[in-house]
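Just so you know, all these numbers are worked out from the coordinates, no wet-lab data involved. From a predicted model like this one, the values you see are computed outputs, not experimental measurements. Heads up, the Cβs are rebuilt from the backbone with ideal geometry, glycines too, and the neighbour counts pull from every protein chain shown.
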Amino acid sequence: MAGLPGPFLCGALLGFACLSAPGLAVEVKVPAEPLSAPVGHTAELTCSYSTSVGDNFALEWSFVQPGKPISESHPILYFTSGHLYPTGSKAERASLLQNPPTGGVATLKLTKVRASDTGTYLCQVNNPPDFYTNGLGLINLTVLVPPSRPLCSQSGRTSVGGSAALKCTSSEGAPKPVYNWVHLGSSPTPPPGSAVQDEVSGQLILTNLSMSSSGTYRCVATNQMGSASCELTLTVTDSSSGRVAGTLIGVLLGILLLSVAVFCLLRFQKERRKKPKETYGGNDLRVDAVAPGISEQTSLPADASTGLLERSPSASTVTTTKSRLPMLV
């Protein structure tokens, strides 16, 4: 009896293990390397799994934008109970190559891919009561887009001896384009030591500018899908000639102001000479006044005779007579 507990215990444990043994493990496999597809083409994202497909089998494809956590993923399609349910903004372009996906492969087909399709795709299999070892697979997809036409701009002091910064940026392009500046004309590239360019940011720094730095500069944005370019014209000015021009303009402006002043003064004097003489009052001395001792008889006009008849005789004529008194010796 002493040896019974050992075999009994082993049998009990074996029976318990058999009753509680779980189903097959769910394991999802996806490509380890990131995928890429040219814009406008079709992308196929392979997902395979191992499990015993039952009535509770469910498959889900979802998508998350670059830089965001998996918890913010959005569903693309969902398969359960023998039916496929596309959903979300990619529903019209998303499908499964194997439908129903019950044979261990569930490859996602995405047509007419766009730049916004770049991101991480999640293939998840759920099949209770099978337990999970790796029921989730992640695939990174990059949609290849040629560079858009870049925008060229400049800043800085574009005079002799100064510095200028030329900037070139494309709003679209995957992978991220690289930028290269060239100086068109007799000197295809800027003189050594006077220019530094960054192919990643698209910036060209020109220092110690000279008159030969003037001209047309072209920026070319390039990636594996193509290239695009823009141009700008840089004009370097001579500050000394600018000062001479400013002085000349100042002198001409001064002469103009002086001429206007002289013209106004001459016009004022001319208008002053044209003014009529002032009329003198009764108390002022008249030039035609009669001096004392001179006899003068003033006759009124003939048409005023009627008025004279009505006046006193002494008022009809005015006579000034020099005194004729006899002189006494």
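Roughly how big is the stretch 21-144's charge dipole about its Cα centre, with Cβ charges of +1 (Lys, Arg) and -1 (Asp, Glu), in debye to the nearest 20? Before the final figure, lay out the partial values.
Details: 7 positive and 9 negative charges, 74 e Å.
Rounded to the nearest 20 debye, it is 360 debye.
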Fill in: Length released on extending from Thr46 to His83, taking residue separation times 0.36 nm less the Cα-Cα span
11.3 nm
Discussion item. On a full-extension model of 0.36 nm per residue, what is the gain between Glu271 and Gln154, subtracting their alpha-carbon distance, rounded to one decimal in nm?
Written reply: 36.3 nm
Discussion item. Run the simple label-point estimate for Ile249 and Asn140 please: 7 Å along Cα→C-beta, distance reported in nm.
Written reply: 5.7 nm
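Rank the residues Met211, Met225 as a footprinting-exposure proxy: fewest other Cβ atoms within 10 Å of their Cβ go first.
On the way: Met211 10, Met225 16.
Neighbour counts put them in this order, fewest first: Met211, Met225.
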Response to the item:
Neighbour-count ranking for Val105, Val26, Val220 (other C-beta within 10 angstrom, fewest to most) reads Val105, Val220, Val26
Practice prompt. Fewest Cβ neighbours within 10 Å first, please rank Leu136, Leu144 accordingly.
Written response: Leu136, Leu144
